[in-house]
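Visitor: One structure, pasted below without further comment.
Bear in mind these aren't lab numbers, they're just calculated from the coordinates by the rules spelled out. This one's a predicted model, so the numbers in the text were calculated from it and none came from an experiment. Every residue, glycine among them, receives a Cβ derived from its backbone with ideal geometry; neighbour counts consider all protein chains shown.
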Amino acid sequence: MLKTFSKTDIGRKRKLNQDAVYTSEQPVGNLKNLFLVADGMGGHNAGDYASKMTLETMVEHIAGSRETNPAKILEDAIAAANTLVRNMAGQNPELEGMGTTVVAASCEGETLHVANVGDSRLYIIREGKIHQVTRDHSWVEEMVRRGGLGREEARNHPDKNIITRAVGAEDTVRIDFFTVGLEESDMILMCTDGLTNMLEDEEILNILKISRDIVEMAEELVRAANEKGGRDNISVILIEPLA
């Protein structure tokens, strides 16, 4: 039995919320459940359109898929969304250059299936520690992996928000996939960079430790990110998979 809660907030600096979230504790097509977070980019309302359209397309595609392999289901859905976002951007000058990150997750018993594009994240909180499962597709993260930047230097780098992959950026989208074994006390956190650019991983973990339940956890994470400046939209999904 899953326990879940999601929250999205415009933050303190933006005039539009370009994040989108989707949660279903019930089956969607051949997936036992489905959780999605997206962070749109683009001028005017293009980023808002890209994130919402991506999640709507993914849900529709997954609901109608006959595929049974969870990773393939998520891959096909993201690819379908990528094609739609590319086509819509090509047909409407106001939407040109739009794109979005996406993190997708589905729990199947004691197994978590994850797919991601961009720099929105999925974490596992286990035995008092926080573990980032996804890998950011960002210029700064690439430089860290190559040894060109230190982790602390990267955190405050002026080019931190430049991402190297996005749904809608290219004709073919490159997707990372992860399969994680779940343990009884695990918690899953999915979020946009409006949270992680404001709060260090340890700050996130401390908030989760002192909060009474997942509703309070989500609300306190958003509040803390806003207190730190709220420079971007903030979205979180919390999941207790084996509750």
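Visitor: For segment 29-71, which positions are closer than 25 Å to L16 by Cβ, of a type in the set (D, E) and touching a residue at least 24 places away in the same chain (Cβ under 8 Å)?
Guide: So in segment 29-71, the residues closer than 25 Å to L16 by Cβ come out as 35-60.
Okay, now just the ones that are also of a type in the set (D, E), so 39, 48, 56, 60.
Answer for segment 29-71, where residues must be closer than 25 Å to L16 by Cβ, of a type in the set (D, E) and touching a residue at least 24 places away in the same chain (Cβ under 8 Å): D39, D48.
Visitor: Still on this structure, I have one more. In segment 1-22, which residues are out of contact with any helix residue (DSSP H, G or I) (no Cβ under 9 Å at 6 or more places or on another chain) and surrounded by fewer than 17 Cβ atoms within 10 Å (Cβ to Cβ)? Talk me through it step by step, then tell me what you get.
Guide: First, pick out the residues of segment 1-22 that are out of contact with any helix residue (DSSP H, G or I) (no Cβ under 9 Å at 6 or more places or on another chain): 1-2, 10, 13, 15.
Correct list: M1, K13, K15.
Visitor: Now a separate question. Could you grab the pairs with beta carbons closer than 6 Å, sequence gap of 6+ or different chains, first residue in segment 187-201 and hydroxyl-bearing (S, T, Y), second one buried (at least 23 other Cβ atoms within 10 Å of the Cβ) and not in a strand (DSSP E or B)?
Guide: So the pair list comes out as T192/S120.
Visitor: Still on this structure, please answer the following. If the Cβ limit is 7 Å and pairs must be 6+ apart or interchain, which residue in segment 72-90 that is touching a residue at least 24 places away in the same chain (Cβ under 8 Å) pairs with which residue that is among the hydroxyl-bearing types (S, T, Y)?
Guide: Within 7 Å, the pairs are I73/S65; A81/T54; A81/T57; L84/T57; V85/T54.
Visitor: Let me ask you something else. Does at least one position in segment 27-49 carry a residue that is in contact with a Pro (Cβ under 8 Å, 6 or more places away or on another chain) and either crowded, with 21+ Cβ neighbours inside 10 Å or charged (D, E, K, R) (or both)?
Guide: The answer is yes; a qualifying residue exists.
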